[in-house]
Amino acid sequence: MVAQEDVIELAKRRGFFFGANGAYGGVAGFYTYGPNGAAVKDNLESAWRDRFTVRQGNMEIEAPTIMPEAVFEASGHLDGFDDMLVECPECGESHRADHLTEDNTDIEEAESLPVPEVEELIREHDLRCPSCDAALSGEPVEEFNLMFETSIGPGTGQPGYLRPETAQGIFVEFPRLKEYARNRLPFGVTQIGPAYRNEISPRKGIIRVREFTQAELETFIDPEEDEPPLHEVEDVEVTLYPATEQEDEEGEAYTTTVGEAIEKGVIGSDWVGYYLGVAQGWYERVGVDMDRFRFRQHLPGELAHYAADCWDAESEVGAAGIAAGSSGDGEEPRDGGDWIEITGFAYRSDYDLSKHAEHSGESFTVFKQYDEPKTVERAAVDPDMATLGPEFGGDAGAVADALQTLAERDPDAFDANEVEVEVDGDEMTVDSDVANFSVETVTENGEHITPHVVEPSFGIDRIVYTVIEHAYRTDEVDDEERTYLALDPEMAATDAAVFPLVSNDDRLLDLADEVTGDLRAAGLSVEYDDSGSIGRRYRRQDEVGTPFCVTVDRDGVEGDDPDTVTVRERDSARQVRVPVREVADELDALLDPEDDRAFDALTAAYDEIETGVETA
Ligand code: GAP
């Protein structure tokens, strides 16, 4: 397994990603994607859109990234979106108290522990400041809200926040979105875009940053009726690490099928199970190594304030600071890397829509039409306003409303001579006779229900990192060591590179231009490179994961094979000589995800050129 430092170094050198604002010293937690990284990220987002928007028949929206305070009061983020912070008394550096605990003890999920317990662990293990080694024992652990605050408009403005999850942009627009869905459940809305969290200690390159991209799907369902198409995924094999296994000292992750895990109650929600199955196939498609991947259930104390059940997709990446299995300066060899959360799958119940309904006064319900009209008994009141008016003055209307609510909630209360209702925090007593309580028989065509939400929430940056690291390989070609990225062609930044062997022969340059034009006309993204030795040009493309290199050499313009080029496959470094007029069609077919043709098809059809590869 490669160390994270090596991947981050390659990422910077080859234009995948690097710390932003370097000219001004940089600010931790912000990264710029270079040309190769931006292209890989874009490919990953397209693959996500294809699977979770288009193929699922969902709608995609794009909402603002700054939202007013009221949204986050309602969503619970103002009160509950905190991380544990401990500040060093010597150097003043802030640290995530739960991460320090996890890094220095056997505890895996310190986030799920209460604050006093984390303070106690810091004391017990004499944890020290990672920056200056001062003792942190006895320092208070505080809850730190992760949202970035801003002010909207000039002057003091109104407070706003950069959204900490894209999801809220979907929830607040529900009253309109349900109209686009013709008021029929279930329906899904997706969004890909930036989210912002003022992380206490951003670290590990793009794995923990302050601005990142989420791809989220909010599925709105009727919990009583809507079922996912489980038959599509019930046989999909998944590696699960349930809460029970995490709590058991001997426990470990195991492989099962989605269908079996749901049947045995390991996955509590059919909908969450369904999305684990769909996502499993997608991770395979984009190149996550399935031997370094699992679904981990949240421990009870770890659940977000909105979540009723939650599973994370986790990938294993090289440990920071030391390559797994190797022994660095005085450090013990490690068998594995770090497990990072790349996606959260949450059953959010009706939490979000109910909260927004309560705080905004808008309707966040859907009218559910019955198959047949139903005759039901309805408790109702018809208060005598001539009595309520003089008795309660301006509150009389509110008292009447409260009586109706009480009738629906607790009709038996009207058996007593008096009933009590609360208006603006004050208890009011009303004679039952004045309420005129009755039970009516009515015919109803349907009811208003608040949908439940099932949410897969993908962290695009962490998946980009995983895909790059899991593709990282070294071997020897022609007695020279090389590093290459075995990226799936759908993810690679460039489809093909074209090289004229030398840059001082017009015939080679003209043919290289012609081939580049043909490939671009076929829709391939092509890099043209005529600088440096041919070996170096191959190494450059190998390191960014370009699947094919096309070289125009002298044999291709004269000699026995005129109008031919060599085509080299990245992973095997095998080369074949292909006629110029065929090359665009051949590469187009090899790159087509729907076409399972392999490079062997070319070696069978054309002359292969001898090269030597040894895999390290
Ligand atoms: N709407 C649900 C939600 O936001 P989350 O688990 O907090 O859930 C979803 O975030 C995903 O976003 C995570 O699985 C992770 O991949 C990514 N993510 C969260 N915080 C991040 C950070 N600081 N840097 C990079 N990615 C992050």
Review point. So, in the stretch 407-432, of the ones that are more than 18 Å from P390 (Cβ to Cβ) and touching a Ser or Thr at 6+ places or on another chain (Cβ under 7 Å), which residue ends up most open to solvent (accessible area, probe 1.4 Å)?
Key: N417
Point to revise | Sole residue being at pLDDT 95 or above, away from the ligand (no atom under 16 Å from the Cβ) and not small (G, A, S), chosen from E218, E227 | key: E227
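Can you give me the number of residues within the stretch 446-461 that are open to solvent by 30 Å² or more (accessible area, probe 1.4 Å) and modelled with pLDDT of 95 or more? Steps first, answer last, please.
Within the stretch 446-461, the subset open to solvent by 30 Å² or more (accessible area, probe 1.4 Å) is 447-448, 450, 452.
Checking the rest, the ones that are also modelled with pLDDT of 95 or more come to 448, 450, 452.
Of the residues in that region, 3 qualify.
Could you look through the stretch 248-297, keep only residues that are among the aliphatic types (A, V, I, L, M) and free of Cβ contacts under 8 Å to residues at least 60 places away in the same chain, and pick out the one that is surrounded by the fewest Cβ atoms within 10 Å (Cβ to Cβ)? Working first, answer last.
Taking the stretch 248-297 as the starting set, the residues that turn out to be among the aliphatic types (A, V, I, L, M) are 253, 258, 261-262, 266-267, 272, 276, 278-279, 286, 288, 290.
Among the residues that remain, those that are also free of Cβ contacts under 8 Å to residues at least 60 places away in the same chain are: 253, 258, 261-262, 266-267, 290.
Details: A253: 17, V258: 27, A261: 21, I262: 22, V266: 17, I267: 27, M290: 15.
The selected residue is M290.
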**Study point:** Test: residue in the stretch 442-457 that is in contact (Cβ under 8 Å) with a residue 40 or more places away in the chain, in contact with a strand residue (DSSP E or B) (Cβ under 6 Å, 6 or more places away or on another chain), outside any strand (DSSP E or B) and within 16 Å of the ligand (Cβ to nearest atom)
**Key:** no
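Can we say E143 is on the phi < 0 side of the Ramachandran plot, open to solvent by 70 Å² or more (accessible area, probe 1.4 Å) and not basic (K, R)? Show your work before the answer.
On the way: on the phi < 0 side of the Ramachandran plot: yes; open to solvent by 70 Å² or more (accessible area, probe 1.4 Å): yes; not basic (K, R): yes.
In short, yes.
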Practice item. Keeping to the stretch 399-427, report how many residues are more than 50 Å from the chain's Cα centre (by Cα) and of a type outside the set (F, W, Y). Key: 5
Review point. Could you list, in sequence order, the residues of the stretch 1-14 that are small (G, A, S) and assigned to a helix (DSSP H, G or I)?
Key: A11
Review point. Within the stretch 15-37, can you find the residues that are free of Cβ contacts under 8 Å to residues at least 60 places away in the same chain and either over 26 Å from S201 (Cβ atoms) or in a helix (DSSP H, G or I) (or both)?
Key: G22, A23, Y24
Revision key, fill the gap. How many residues of the stretch 186-215 are more than 11 Å from the ligand (Cβ to nearest atom) and open to solvent by 40 Å² or more (accessible area, probe 1.4 Å)? The answer is 1
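Among the residues of the stretch 168-185, which ones are away from the ligand (no atom under 13 Å from the Cβ) and among the aromatic types (F, W, Y)?
F174, Y180
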Exercise for review: Go through the stretch 38-60 and count every residue that is open to solvent by 50 Å² or more (accessible area, probe 1.4 Å), free of Cβ contacts under 8 Å to residues at least 12 places away in the same chain and in a helix (DSSP H, G or I).
Suggested key: 3
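Return yes or no: is E469 in a helix (DSSP H, G or I) and buried (at least 24 other Cβ atoms within 10 Å of the Cβ)?
Values: in a helix (DSSP H, G or I): yes; buried (at least 24 other Cβ atoms within 10 Å of the Cβ): yes.
Answer is yes for this residue.
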Practice item. Out of E165, E245, E232, report the one residue that is open to solvent by 40 Å² or more (accessible area, probe 1.4 Å) and either in contact (Cβ under 8 Å) with a residue 40 or more places away in the chain or within 10 Å of the ligand (Cβ to nearest atom) (or both). Key: E232
**Study point:** Sole exception among (1) open to solvent by less than 30 Å² (accessible area, probe 1.4 Å); (2) closer than 25 Å to S201 by Cα for A63, by number
**Key:** (2)
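Just one of A70, A110 is under 27 Å from E249 (Cα atoms) and hydrophobic (A, V, I, L, M, F, W, C); which is it? It would help to see each step written out before you state the result.
Working: A70 fails: under 27 Å from E249 (Cα atoms).
That would be A110, the only listed residue that is under 27 Å from E249 (Cα atoms) and hydrophobic (A, V, I, L, M, F, W, C).
Taking V580, is it over 14 Å from A497 (Cα atoms), open to solvent by less than 60 Å² (accessible area, probe 1.4 Å) and touching a residue at least 12 places away in the same chain (Cβ under 8 Å)? Walk me through how you get there before you give the answer.
Details: over 14 Å from A497 (Cα atoms): yes; open to solvent by less than 60 Å² (accessible area, probe 1.4 Å): yes; touching a residue at least 12 places away in the same chain (Cβ under 8 Å): yes.
When the stated conditions are applied, V580 passes them.
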Review point. Any residue at all in the stretch 502-525 that is at pLDDT below 95 and at positive phi?
Key: no
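The values are calculated or read from the model by the stated rules, or taken from the named source; none is laboratory data. Since this is a predicted model, take the numbers as computed values, not measurements. Cβ sites come from the backbone with ideal geometry, for glycine too, and all protein chains shown count toward neighbours. With ligands, DNA and RNA removed, areas are computed over all heavy atoms of the protein, side chains included. Shrake-Rupley method; radii C 1.70, N 1.55, O 1.52, S 1.80 Å.
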